[in-house]
Amino acid sequence: MSAIHGMLGESLALLYLLVAAGSYLRRRQGGLPGWLTGIAHALLVIQVLIGVTLFVRAPNIITWWHPVAGLLALAALGLAIPLRPRLGRANATAVTALIVAVLILITVVIARAR
């Protein structure tokens, strides 16, 4: 399960960078389809659930910063709601996805540094 968690984390970093770029590039068409960003969000939820399970089973294997950064990445999805009226749907999704990608990259770096 640990290997799946690692591979999914690295894949999610790339996926959220693609979501950010795609939302920005398609901002005039209303951004990416909702189902596409929904898949990315669902995979992030699965990633966090696996990570919390692994952390509860063996809390001494990784520093506590790793799960905190992962939970912050999940919480950052909520930024799209207050950003939507200011930036529009596509731009809010792009900014939020970029923030989530950065937080995921931080968690990957923390995991690799152990």
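Brief remarks on what is shown
- Qualifying residue in the stretch 28-37 (condition: under 26 Å from residue 5 (Cβ atoms) and surrounded by fewer than 13 Cβ atoms within 10 Å (Cβ to Cβ)): yes
- Condition check for residue 42: open to solvent by less than 70 Å² (accessible area, probe 1.4 Å) and touching a helix residue (DSSP H, G or I) at 6+ places or on another chain (Cβ under 8 Å): no
- Taking each residue of the stretch 1-20 that is open to solvent by 80 Å² or more (accessible area, probe 1.4 Å) and looking for partners that are among the hydroxyl-bearing types (Ser, Thr, Tyr) with beta-carbon atoms closer than 9 Å, six or more apart or interchain, yields 1/53.
- Qualifying residue in the stretch 84-96 (condition: open to solvent by 90 Å² or more (accessible area, probe 1.4 Å), of a type outside the set (Phe, Trp, Tyr) and under 22 Å from residue 113 (Cβ atoms)): no
The values are calculated or read from the model by the stated rules, or taken from the named source; none is laboratory data. For clarity, every value in this text was computed on a predicted model and none was experimentally measured. Using ideal geometry, Cβ is built from the backbone for each residue, glycine included, and neighbour counts are taken over all protein chains shown. When the accessible area is computed, the model is the full protein with side chains, heavy atoms only, and any ligands, DNA or RNA have been set aside. Shrake-Rupley method; radii C 1.70, N 1.55, O 1.52, S 1.80 Å.
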